[in-house]
Structure formats: structure tokens, C-alpha cells
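*Asks:* First the structure, then my questions, so here it is.
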Amino acid sequence: MSRADPAHYLEHGESWYRSGNGYALTPGHKTKTGERYRIFDPSAAILRCFGCHSTGVLTLAADQTIVPAEMGVRCEGCHGPGAKHSSIKNPGRLTANQINELCGSCHRMPASAVDATDLRSPWNARHQPLMLAASSCFRKSAGRLSCLTCHSPHDPVEHKAAVYDAQCAKCHAAPRHMRPVAGRSCVECHMPAVRPQQNLKFANHRIAIYSPADPMVPIRARR
């Protein structure tokens, strides 16, 4: 992201991907030219971009440059202003739906209602809170399953499947499989990897039973 001119910012059409050790199309882009965002646009799209990658109130400099209070996501991003310590938030006390909304403000809910209607779209795999809320595990958990069940907000992302399988086992202690699973992890089958674009891979958070041919639509949903 960079300042394009006095009235616009430019989201660059190419991003660096560690998996490919090089540049490729930015998620959602179809060309390398990038996308221009007007600073004073009613949709406030550019402000949401800055808001998810910084902490605190955004301000405008004299030349209309957007100035974050702090770069990066820090404690106050989830817990609220530290100066108001008496009213500091504890996300652990929120309901599962409230946690979904909090995390979904960045990790994230679809940008429009049109996106939200198509759970079959591979692109919606990157909208984890949306997909999680659509899963039977979430809806039938009586509020026990949330983003925080599997992801610690204070630790690096865990990459060991066994850690996530341990969370599944708390509700599914003795799962019955219709066919041999050959030691495969729960998440490998029930949260399959989706590749909406080259260099991108997301776990489908709509926990369900899938066929290898279609990692987006649960088998029962096809009946």
C-alpha cells in the first residue's frame, strides 16, 4: 500500500509470498496494476485496510496522509484503550458469536452481503468466521466452540495438526468413521485446504464431511 496522489492510496497488485519466495498477484486482484482507493470515500475501504493492520485511532496529517496511532496489532486492538483500564475488555468473557464478530472484524467477514451468500465460493474460505458460523460443530456446540477454542491470540499460529485434533477430541472422543482414515488428522479431512488463488491456501472453517473432489461443499449439503 502506498500513496498514489493527494486523493488516493494504491493497493499494489503484487505481494510477496514466502511459499513461492517471490512476488505474485495480491489476493483478490486480477492484474498487477493494483487498485486505487479514494481517501474520502463513503465506503471507508482504505480506512478499514489501515485499521486492521494498526492499533488505535487513525488520524489525517495536514497533507491528508493516513496516520496510524501504532503500527501492527497490539493489546489494545482486542482489549480496548489502556488509558481506560477500568473498562478494559476481556474477549474470553464474550459469547462465541461475539468472539466471531470481534475476530471477524479483521479475519474476517466478507466485504459485502453478496459475498456472504455463497458458501460454495472458494474465495470465502479466507473468511474464517463466516465459514465457522456455518458449520454444524459451531451451531450445535451451545457456545463452547469459538475462534479462541483453537487459536490463542497471544501465541504464534500453531501448525501441528495434533494440537487442533486434541480440541476436536473434547467433543468427539470416539468418532466413528465409515472408511479407514489411515491415521489422517481430523482437520485434514474435516477442514480441508482450499486454494482460491495461486500461492494462497486456507483451511475451510466450515467443519464438515467433504469429498476429496470438493473441499467447499459438505457431502450432506449435496443431498
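Please treat every number below as a calculation from the coordinates, not as lab data. Quantities reported herein were computed from a predicted structural model and do not represent experimental measurements. Please note: Cβ atoms are built from the backbone with ideal geometry, for glycine as well, and neighbour counts cover all protein chains shown.
*Asks:* Quote to one decimal, in nm, the extra length available between Lys84 and Glu101 on full extension: 0.36 nm per residue of separation minus the C-alpha distance between them. Mind showing how you got there, number by number?
*Replies:* Numbers: separation 17, 0.36 × 17 = 6.12 nm, distance 2.22 nm.
Separation in residues times 0.36 nm, less the Cα-Cα distance, equals 3.9 nm.
*Asks:* Let me ask you something else. Using the reciprocal of the averaged 1/r over all distinct C-alpha pairs, how large is the Kirkwood radius of the chain in Å?
*Replies:* Numbers: mean 1/r = 0.0503 Å⁻¹.
Computed over the chain, the radius equals 19.9 Å.
*Asks:* Can you pull out the trypsin sites (Lys or Arg not before Pro) in the range 61-91 whose DSSP state is coil and whose Cβ has at most 14 other Cβ atoms within 10 Å? Spell out each step's value before the answer.
*Replies:* Values: sites: Arg74, Lys84, Lys89; in loops: Arg74, Lys89.
Counting only loop positions with at most 14 other Cβ atoms within 10 Å, the trypsin sites (Lys or Arg not before Pro) in the range 61-91 are Arg74, Lys89.
*Asks:* Which of the three applies to the range 52-178, rounded, prolate or oblate, going by the alpha-carbon gyration tensor with a ≥ b ≥ c and a/c under 1.5 meaning rounded?
*Replies:* Prolate, because a/c is 1.5 or more and a/b exceeds b/c.
*Asks:* On to the next question. Between the range 134-193 and the range 15-75, what is the C-alpha centre distance in whole Å?
*Replies:* Here the two parts' Cα centres lie 32 Å apart.
*Asks:* What's the FRET efficiency of His177 with Val73 using the Cβ-Cβ distance as r and R₀ = 30 Å, to the nearest 0.05?
*Replies:* Working: r = 39 Å, r/R0 = 1.29.
Rounded to the nearest 0.05, the efficiency is 0.20.
*Asks:* How about Lys30: which aspartates and glutamates have a C-alpha closer than 18 Å to its C-alpha, ignoring those fewer than 8 places off in the same chain?
*Replies:* Glu11, Glu14, Asp115
*Asks:* Here's something else I'd like to know. With r as the distance between the Cβ atoms of His53 and Lys140 and R0 = 25 Å, compute the FRET efficiency 1/(1 + (r/R0)^6) and round to 0.05.
*Replies:* Numbers: r = 35 Å, r/R0 = 1.39.
Calculated transfer efficiency: 0.10.
*Asks:* Taking only C-alpha pairs under 8 Å that are 6+ residues apart, what is the relative contact order of the range 75-223 in percent?
*Replies:* Values: 166 pairs, mean separation 32.8, N = 149.
Contact order relative to length: 22 percent.
*Asks:* With θ set to phi - 60° and the Karplus curve 6.51 cos²θ - 1.76 cosθ + 1.60, what are the ³J(HN,Hα) couplings of the range 122-129 in order, to the nearest whole Hz, using x for Gly and Pro?
*Replies:* x, 5, 6, 4, 7, 9, 4, x
*Asks:* Can you list the HN-Hα couplings for the range 69-85, worked out from phi with the Karplus curve (6.51, -1.76, 1.60; θ = phi - 60°), rounded to whole Hz and with x for Gly and Pro?
*Replies:* 5, 9, 6, x, 8, 10, 3, 5, x, 10, 9, x, x, x, 5, 9, 4
*Asks:* Relative contact order of the range 57-112, please, whole-number percent, based on alpha carbon pairs below 8 angstrom and at least 6 residues apart. Show your work: numbers first, answer last.
*Replies:* Numbers: 27 pairs, mean separation 9.5, N = 56.
Computed value for the range 57-112: 17 percent relative contact order.
*Asks:* If you put +1 on each Lys and Arg Cβ and -1 on each Asp and Glu Cβ, how big is the dipole of the chain around its Cα centre, in Debye rounded to 20?
*Replies:* Values: 28 positive and 16 negative charges, 214 e Å.
Charge dipole of the chain: 1020 debye, to the nearest 20.
*Asks:* Counting other C-beta atoms within 10 Å, and keeping those with at most 10, which DSSP coil trypsin sites (Lys or Arg not before Pro) do you find in the range 3-62?
*Replies:* Working: sites: Arg3, Arg18, Lys30, Lys32, Arg36, Arg38, Arg48; in loops: Arg18, Lys30, Lys32.
In loop regions of the range 3-62 (DSSP not H, G, I, E or B), the sparsely surrounded trypsin sites (Lys or Arg not before Pro) are Arg18, Lys30.
*Asks:* Rounded, prolate or oblate: pick one for the range 109-223, where a ≥ b ≥ c are the square roots of the eigenvalues of its C-alpha gyration tensor, a/c under 1.5 means rounded, and failing that, prolate if a/b is larger than b/c, else oblate.
*Replies:* Numbers: a/c = 1.39, a/b = 1.18, b/c = 1.18.
Taking the square roots of the gyration eigenvalues as a ≥ b ≥ c, the range 109-223 is rounded.
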